[in-house]
Amino acid sequence: MVLAGGVGSRFWPVSTPARPKQVLPLAGREPLIRDTIRRVLPLVPAERIRVLTGVAVGAAILDATPELGPDSLWLEPRARGTAPVLAWAAHSLLQLDPSAVMLSLHADHVIAPAESFRDLLRTAATASVAHGLLFTVGALPTRPDTGFGYIRPGAALGHGGTARLVAEFVEKPDLATAERYIAEGCLWNTGLFIWPAALLLEQLRRHTPELASLLPLLDAGDVAGFFERAPDLTIDVGLLERTDRVGVMAATFAWDDVGAWDAVARTRSPDERGNVLVGSSYAVDSSGCIVWSEEGRAVVYGMKDVVVVRANGTTLVVPRALAPGLAQLLTQLPPALLQEWT
């Protein structure tokens, strides 16, 4: 299951409903979602891959994934967070295979090497079935990032020492707390999950009453009614933080989440002064800048740590430190300015 919902407002003005973040080449030459599909294909054949996304962006995603067919696209009627969509996915999957093990991936992750990623997923799937646990993947932190949640590993479960119980999930911290979490051996919460589909539904029925009461709607085939009534709830808050049946595998690969423009500086090669230049972009006497131009030319001179984007008739200039807050910016712009984008 590849989670690929949303337009990606933090990549405005490049990302649009017709060309959402998932189909942008933000980490290289290929669309993010195509990288995701290719990364997992040696482990899971194309006929067993499903992309969970919204109606508004479904056509663009299908065009970007020629490896998949129309049946691979599962369209959620409404965006309701990861808990409802994964509950629906697990329920649908069990109609196809009552013993299915489900991988939940994201379309906007950068992972390398792919072989290590697949090896860990195999081990995690085995451990999940053997121990009856919901498994997540924790990445080794490379910086005290305040944009990620953290996982505190607990008792060892074997499997080469990589599998452990989860002692605690901790939400996005401030900088000082993030530094402490890293010193204490906590991992980044990647949002990569592995579990038997039946186990997920059993745990939701036990610990997530706000969804458990709605599962009969799925039994009756009323998917629209389920999403109409489902709360906006993440699987982390709605289930994983409430149950003690969660394990974690420490990643044996490099991982990053392409969540905002600042991530582009980590996924593309910079010049000698740390500038990342895409398209007809130039930086003179500047450092730490991200310049992305899809029309005309973009030039920065004497600048430091700014993001400049030219696309879809709009030029955006923002300090890199504020780039993750672009979704909030869009709520403050005049509606006429965003009419074509929305």
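Taking N as the residue count of segment 177-331, its C-alpha radius of gyration divided by 2.2 N^0.38 Å amounts to 1.47. Close amide H partners of Val2, meaning residues 5 or more places away or on another chain with modelled amide H under 5 Å apart, are Arg50, Val51, Leu52, Leu105. Taken along its three principal axes, the alpha carbon spread of segment 52-162 comes to 42, 37, 28 Å, from the longest extent down to the shortest. Here segment 88-128 has an Rg and Dmax of 12.4, 34 Å, counting Cα atoms alone. In summary, the chain shows an alpha-carbon radius of gyration equal to 1.01 times the 2.2 N^0.38 Å reference for compact globular proteins. Computed about the Cα centre, the dipole magnitude for segment 261-338 is approximately 60 debye when only Lys and Arg (+1) and Asp and Glu (-1) carry charge, each at its Cβ. Sorted on the mean count of surrounding Cβ atoms within 10 Å across their residues, most packed first, peptides 94-104, 307-317 read 307-317, 94-104. Taking label points 7 Å from Cα along the Cα-to-Cβ direction, Val170 and Glu295 give a separation of 4.6 nm.
Distance between the modelled labels on Asp232 and Arg266, one decimal in nanometres: 2.5 nm (7 Å Cα→Cβ projection).
Which order do peptides 236-243, 67-74 fall in by mean Cβ count within 10 Å, highest first?
236-243, 67-74
Provide the convex hull volume over Cα atoms per residue for segment 253-342, in Å³.
Dividing the Cα hull volume of segment 253-342 by its residues yields 111 Å³.
The calculated 222 nm mean residue ellipticity attributable to helices in the chain amounts to -8500 deg cm²/dmol, summing -39500 (n - 2.57) over DSSP H runs of n ≥ 4 and dividing by all residues.
Highest-first packing order for the peptide set 105-111, 250-256 is 105-111, 250-256, based on the mean count of other beta carbon atoms within 10 Å. Of the three principal axes defined by the Cα atoms of segment 12-89, the extents in descending order read 32, 31, 20 Å.
Amide H contacts under 5 Å for Lys304: Ser287, restricted to partners 5 or more places along the chain or on a different chain, H placed in the peptide plane at 1.01 Å from N. Which FRET efficiency value, to the nearest 0.05, is calculated for Arg273 and Ala220 with the Förster distance at 41 angstrom and r the Cβ-Cβ distance? Calculated value: 0.10. Computed from label points 7 Å out along Cα-Cβ, the spacing between Arg78 and Asp63 is 2.9 nm. Pairwise alpha-carbon distances in segment 77-257 exceed 21 Å for 50% of all pairs. When the P(r) of segment 112-209 is calculated, the portion above 16 Å amounts to 60% of the C-alpha pairs.
Segment 111-152 and segment 1-26 have Cα centres spaced 24 Å apart. Taking segment 261-280 and a reference point 7 angstrom along Cα→Cβ of Thr331, the backbone N atoms nearer than 19 Å belong to 261.
Laboratory data are not the source of any read-out in this text; all were calculated from the coordinates shown. Quick caveat, the model's predicted, so the values are computed rather than measured. Virtual Cβ from ideal backbone geometry, glycine too; neighbours counted across all protein chains shown.
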